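The values are calculated or read from the model by the stated rules, or taken from the named source; none is laboratory data. The model shown is predicted, which means the values in this text are computed figures rather than measured ones. Note: ideal-geometry Cβ built from the backbone for every residue, glycine included; neighbour counts use all protein chains shown. With ligands, DNA and RNA removed, areas are computed over all heavy atoms of the protein, side chains included. Shrake-Rupley method; radii C 1.70, N 1.55, O 1.52, S 1.80 Å.
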Amino acid sequence: MPHNSARSADTETMVTDAETAVASEALPNPSWIRRAWDVVDERMGISALAYPVPEHANRFAWTLGGITAISFVLLIVTGIILAQFYAPIPEVANQSIRSIEQDVWAGSLMRGIHFWASQAMYVAAVLHMVRVFLTGSYKKPREGNWLVGVAMLGLVTFAVFTGTVLKWDQEGFEALGHNIEIGNLLGGLGYWFSPGFSGELPILLRLYGAHVVIIPGIILVLVILHFLLVKRHKMSPHPLLPGGTSSDQAVEEEPTQPFTSHIRRLVAFGIALTGILGMLAVFFPAVLGPTPVAGIEVTLPPWMFWWTFTLENWFGLSAIVWGELAFFFLLALLPFVDRNPNRWWRRRPIVMIAALLLVLVLITLTILLVVIPAQTHL
Ligand code: HEM
């Protein structure tokens with residue numbers, strides 16, 4: 001037996017050598033490429049990325065955070081291109097977007113991808129949060145990273161809102177109207193949102209600054225922190241693997257793969273996502289209405305705000321603030337009130353029922369907006 005295994009090891013070595021020889025022939029100058037790689041790697045530490053991650057991290061549901069990050073990258077790239085042509089000045093803002101669509105090469109495509117990537121980032125972030133929720137991955141020691149995630153979701157929502165205002169069409173103008181009124185309601189706390197905050201600058205210019213620098217800048221810092229914490233705590237064990245059910249137990253040995261193969265998968269997803277968003281941009285271009293008319297209220301906000309709009313119809317403008325605050329407060333509270341050590345969703349009936357009720361309320365409020373006649377609020 002030992003003799004056989006020695007022979008098979010020899011055979012394996014020969015096969016590997018033969019494969020290397022074939023690969024060497026296929027490459028123009030393998031030693032040169034190898035040396036160049038070694039020089040770069042020694043200085044940049046790229047091969048350190050090949051640390052092992054559990055196999056389940058490559059499942060689609062566990063890749064949603066990465067897809068959210070890819071959407072963010074697409075938003076930054078297309079956003080930088082759009083920023084070269086957009087004018088954040090009320091008199092010309094709407095017209096400058098029209099020129100991007102008509103006069104700038106691939107401008108309409110860039111704008112469309114930017115719009116659809118914002119939808120993708122929002123949807124992917126929510127689905128990612130749902131995965132983290134269902135697998136109980138917010139439990140000890142990951143409570144802090146859950147809070148970082150909640151903050152990022154809030155910032156993504158704010159980015160969608162400020163982006164809507166930038167269009168400076170009727171929808172954007174009415175969104176700004178809500179922005180100002182909510183700022184007034186918040187008194188001193190909302191002063192930044194009032195046009196009087198800096199008399200010389202139009203509020204559109206400040207919201208533009210928030211949209212292109214402040215919000216993405218904070219998201220970027222939080223994404224880095226989020227990733228460092230994932231690295232520090234390691235990916236949470238799959239709750240169905242032996243030992244993975246409870247938040248305290250260590251999972252039994254699960255096969256691993258190098259993180260670099262996870263990155264390769266993400267790059268493939270990124271290419272596919274860019275293609276899909278590009279097609280959406282061509283077949284369903286981002287909408288741009290004519291310049292706004294003051295004093296009328298005829299548009300709906302982006303769909304993720306519809307549930308707050310129904311609340312506003314019932315209880316007035318302040319209900320938007322209370323609704324959003326309650327939503328994010330409940331999310332932030334979750335890891336601290338859910339003391340059940342089980343991580344698999346079937347073993348956490350109370351928190352599951354509470355979450356289902358919340359989702360039901362959000363869906364009902366969203367549908368009611370379409371059914372109940374809209375009121376004027378401004
Ligand atoms: C908005 C941008 C976000 C990005 C770019 C992002 C990215 C990621 C990535 C790449 C991971 C590694 C695992 C995976 O991909 O599933 C991860 C894990 C995690 N994320 Fe996020 N995330 C975001 C939002 C959120 C939100 C909204 C929450 C919750 C409110 C959240 C909570 C967590 C937690 C607790 C983990 C650790 C999960 C585990 O170890 O299984 N993240 N995030």
Expressed in nm², what is the orientationally averaged projection area of the convex hull enclosing the Cα positions of the chain? 26.1 nm²
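Order MET110, MET121 by their accessible area, 1.4 angstrom probe, all chains in place, largest first.
Values: MET110 40, MET121 15 Å².
Of MET110, MET121, the descending order of accessible area is MET110, MET121.
Could you order TRP37, TRP192 by accessible surface area, starting with the largest, using a probe radius of 1.4 Å? It would help to have the intermediate numbers written out before the result.
On the way: TRP37 110, TRP192 75 Å².
Most to least solvent-accessible, the answer reads TRP37, TRP192.
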Enumerate the lysines that LYS139 could reach by cross-link, defined here as Cα to Cα under 21 Å, with residues fewer than 8 away along the same chain left out. LYS231, LYS234
Accessible carbon and sulfur surface of the stretch 302-378 relative to its total accessible area, %, 1.4 Å: 78 percent
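Going by accessible area, probe 1.4 Å, with all protein chains left in place, what is the ranking of VAL132, VAL39, largest first? The partial results should precede the final answer.
Numbers: VAL132 20, VAL39 75 Å².
Solvent-accessible surface, decreasing: VAL39, VAL132.
For the chain, with every protein chain kept in place, what is the accessible area per residue (1.4 Å probe, Å²)? Please report the intermediate quantities before stating the final value.
Numbers: 21480 Å² over 378 residues.
It amounts to 57 Å² per residue over the chain.
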Most fluctuating residue of LEU288, LEU189, LEU334 in a GNM of the chain with Cα springs under 10 Å: which is it? LEU189
Using 1/(1 + (r/R0)^6) with R0 = 25 angstrom and r between the beta carbons of SER31 and ALA268, what's the FRET efficiency to the nearest 0.05? 0.25
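What are the semi-axes of the equivalent ellipsoid of the stretch 299-357, taken as the square roots of 5 times the eigenvalues of the Cα gyration tensor, listed largest first and rounded to whole Å?
Details: eigenvalues 182, 29, 16 Å².
Listed largest to smallest, the semi-axes of the stretch 299-357 are 30, 12, 9 Å.
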Return the long-range amide H neighbours of VAL53 (sequence gap of 5 or more, or a different chain), with a cut-off of under 5 Å between placed amide H atoms. GLN257, PHE259
Accessible carbon and sulfur surface of the stretch 62-181 relative to its total accessible area, %, 1.4 Å: 73 percent
Restricting things to alpha carbons, tell me how big the stretch 127-257 is in terms of Rg and Dmax, in Å. 20.3, 63
Across GLY270, GLY323, GLY188, the residue with the highest GNM fluctuation in the chain (Cα network, 10 Å cutoff) is GLY188
